[in-house]
Amino acid sequence: MKCIQCAAENNLKDRTANSGRCKNCNHPFAFEPTIMDVKIRFTDGFFAKALSDISANDTLYFTPKQLLYLLEKRLGRKVAMGERVARIIPGVFLVAIGFFTAVFGIGLLIIPIGLWLIISGLRRPVRRSEPHRDVVLTNTMVNTWLQQWQRYNPPPTKLLPPPSAAASLAPAADDVTAYSFDRVLVCDSVAIAQLLIANNIHFEHNCAVLSITGYPRTIFATTMAMLRRNPDLQVIALHNCSPRGVALVQELRTSPDWFAENTPMIFDLGLLPRQIEAARQQAYIQVSTDSAQAAKTMSAEVRQSLSETELQWLEAGYFVELESFTPQRLMQIVSRGIARLQNLGEDVDDNLILVGDVGSSGGTFIYAADNFG
């Protein structure tokens, strides 16, 4: 195992003899893979790279759950690679025997079989038959690893605290009143709203960022008063692919706390079930009975905005959380979504779909993106 401080290689004997420290520079190792569960073994270097990648080399804030998903995906790939190696070992063994016994003629029969096993093992994808994946890691596990890491290494500077303790990352009231926002992005998740604010989406795109539950509390009322005075306001909905998430647009349009008495254009950026297929390589599909039950109790108005296939998908209990995407990817998706609205004139973008037109009664036009990012 390589020391992250001086890059010296330390085998288990070295680490044991030096009480878990590097034999060269004496820097402690935060993790000892030999005492970890075989499916979640990793080294200090693995964890350091995960922190660097999730923060885009320490340039973007990230949530603890985003780190959890990144570790889950990478550890899963390690397990899958182990399964692949296990599949080709019999083929390698047969090829080796074939070469040793070729002089007797038997190897000419064994070698092709071994090669076939190796090729089929390499070509066959390692994937489950189910469309979803179970998350093995837990918040407690990740928090414990972070504590172990920080015992011997500097804490991750871009790791976001709980939203309740992150008031310092929210814009001040004076900063908000200095702007005349052209649009507002409303999230169904406080964590995602906190993430976007911390990474300055609101300043870069002149776009207020709020959560449906009223985060950030310190500026919520001030921001809403400003937004309601804008007759050309554009509203962007960003949400998980879940029963609660797909109901976000309906709540924005009908709730008196939001825009029931106003007539803004609403853009459903996603995440919607119809967008999952295109984002399947990055989306982390999960399933739960709670999500299935919530889908069956969705209002008639929300159900009408979804196709039969989407309803079946949600009622099967499938869901995807936005935090399964990296901060960099989410920032790209939001930036592109805002750019599409800025360029929206009389001709609607080919990639935008009119999913709700209540212009005759409430004057609200609702658009959705046909893909996520």
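Here is how the numbers come out for the structure above:
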| item | result |
| --- | --- |
| Spatially proximal lysines relative to Lys49 (Cα-Cα < 19 Å; intrachain offsets below 8 disregarded) | Lys2, Lys39, Lys65, Lys73, Lys78, Lys158 |
| Protection-proxy order for peptides 143-149, 185-191, each taking the mean of Cβ atoms within 10 Å per residue, highest first | 185-191, 143-149 |
| Fully extended contour minus Cα-Cα distance, from Met36 to Lys73, at 0.36 nm per residue | 11.6 nm |
| 5 angstrom amide H check on Asp268, placed H, neighbours 5+ away | Ala237, Tyr367, Ala368, Ala369 |
| Rg ratio (alpha-carbon, reference 2.2 N^0.38 Å) - the range 197-294 | 1.21 |
| Coordinate range along principal axes, alpha carbons of the range 21-65, Å, largest first | 33, 29, 12 |
| Burial ranking of peptide ranges 153-159, 204-210, 265-271 (average Cβ count within 10 Å, highest at the top) | 265-271, 204-210, 153-159 |
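Since every read-out is calculated from the coordinates, none of them should be taken as a lab result. The model shown is predicted, which means the values in this text are computed figures rather than measured ones. Every residue, glycine among them, receives a Cβ derived from its backbone with ideal geometry; neighbour counts consider all protein chains shown.
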